[in-house]
1. Taking loop as defined by DSSP and a crowding limit of 16 other beta carbons within 10 Å, which chymotrypsin sites (Phe, Trp or Tyr not before Pro) in segment B:312-397 fit?
2. Expressed as a whole percent, how much of the Cα-Cα distance distribution for chain A exceeds 17 Å?
3. Report D for segment B:1-132 in µm² per second (integer): Stokes-Einstein, Kirkwood Rh on Cα pairs, 37 °C, 0.692 mPa s.
4. Say the cut-off is 19 Å between C-alpha atoms; which of A:LYS19/A:LYS44; B:LYS126/B:LYS169; B:LYS192/B:LYS219; B:LYS360/B:LYS388 go over it?
5. Between B:THR63 and B:ASP257, what is the spin-label point distance in nm, taking each point 7 Å from the Cα along the Cα→C-beta axis?
6. Computed on protein heavy atoms with a 1.4 Å probe, what is the summed buried accessible area for the chain pair B and A, in Å² to the nearest 100?
7. Express the carbon and sulfur contribution to the solvent-accessible surface of segment B:214-296 as a percent, rounded to the nearest whole number, probe 1.4 angstrom.
8. With the alpha-carbon atoms as the only input, what is the per residue convex hull volume for chain B in Å³?
Amino acid sequence: MKEVTIDCLGEACPVPLIKAENALKEIEVGDLLIVQIDHSCAMKNVPEWARKNGHNVEIEEVDDGEWEVVIEKV
Amino acid sequence: MREKKVEQYDVVVIGGGAAGMTAAIYAGRARLSTLIIEQALVGGLATNTNEIENYPGFPEGVTGKGLMELFHQQAKKFDVKFKLTDVRKVELEGEIKKVETFRNIYEAKVVIIASGGRPRVTGADKEEDYLGKGIAFCATCDAAANTGKTVVVIGSGDAAIEEGIFLTKFANKVVVSIIHDEGKMDCNEIAKAAALANSKMEFQWNTVVDHFEGDEELKTVVLKNLKTEALIPIDCHTCFEFIGYIPNTDIFKGLIDITNKGYIVTNENMETNVEGVYAVGDVRDRYLRQVATCVGDGATAGVGAEKYIAESEAFVSHVMKEDKPGVAYVFNAIEADQRELLSEIEKMELDYKDQYYFSKIDVYKSKGLANRLGVKEYPAVAIIKDGKVDCIITENISKESLLKALK
């Protein structure tokens, strides 16, 4: 099982979501995709999109105003 | 399956709304390692409210989001950790409780349930397409955007009718869909009279939502008359649904006491029927659901958690020793005769402290330790052998009877 991290720091919506969508296509079921973000709008739409598609989602606050959205492909 | 990472905390709070964050602030300030698990955004339901004018301390009013951000900062100040994910499973029995997310298992001495609830929806066709795009649940939040427009309100309870009246201050017309026969509403009589007298309100009796129509945004709510089966399309800007509230308690079913409506039952100390598990805020069976009431719940549970953990530690290290038999005297310090007996026990302690150990438990402040011993009436003495309660003596407590029991 592998882990892929994409850096979306400094990027506003919808860029993180599009990047996440593309990256998720490339990985296998069971793999983890970690999306690093610092725009709070992405904190809403990235997890919402991932959950809607049935994936497992967890958000970790790395620093003040900086998060990692962890998505497990299902 | 990926191996789940196990982490230990003193307190795990499920839900990061007003109640959960307040509980965490109290626990964190008491130097308990505290984790909040929130499935969506920190702040909970209060963040949906644009203006909170009745939360004390903010005479100019405050936005729900702004207020919750302050709660968040305060919790962080006391080193509360936040994890944004949903809880999949809990194990609540026993000393160490488990809270499972998709990647982690959190072990905790205390679990505080602050999972709140969500508005009930009609389940009508195409409803999902318009949630947040014309279907709303909070008049306070969305009223101003409907100035001069037509809105539909679903429901006839206190919330529906009172919010409906509020909406007439902005909207041109408020159409209320009510499931009952003409003249019957679920709300209080005062609200009902005010609504019926309000010229901007129009009532569709015996109706439910059949389906929703629109393109990107909602355009039309199509009601159905239950008696005539007739479809009644109503063009509107927003449809407000006020048909109740569903507590988020699915994962706790069968594990703790829950009312038939799904709310968690607690006593006034926010304790559920499972030791070390508390419930606070909107998820709890209670009279009023406001930020102010959530804060009170949270404070109570936070302090309760601290006491419970301190007692657990004292219980293991001082009361239930294994090396020699013990005498645990349980008494109420405000009763004179029980204080007298205390001095008897203390005299005995001087003579026998090498053979037995003695603990004195005052129930005046907290009954926690007494409950753990299984002592329900006072005064009483629990005789402890091999780290377990051997017997409980409630009558004729004397040096002789205790020595006999200790043999």
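1. Sparse-neighbourhood loop chymotrypsin sites (Phe, Trp or Tyr not before Pro): B:TYR364.
2. 32
3. The estimated diffusion coefficient comes to 205 µm²/s.
4. B:LYS126/B:LYS169; B:LYS192/B:LYS219, as the Cα separations exceed 19 Å there.
5. Going from the B:THR63 label point to the B:ASP257 one covers 4.2 nm.
6. 1400
7. C and S atoms contribute 50 percent here.
8. It comes to 199 Å³ per residue, whole-number rounded.
The values are calculated or read from the model by the stated rules, or taken from the named source; none is laboratory data. Note that the coordinates shown come from a computational prediction; the quantities given were computed from them, not determined experimentally. All Cβ positions, even for glycine, are placed from backbone atoms using ideal geometry, and neighbour counts span all protein chains on display. Just so you know, the surface numbers come from the protein's heavy atoms only, side chains and all, with ligands and any DNA or RNA stripped out. Shrake-Rupley method; radii C 1.70, N 1.55, O 1.52, S 1.80 Å.
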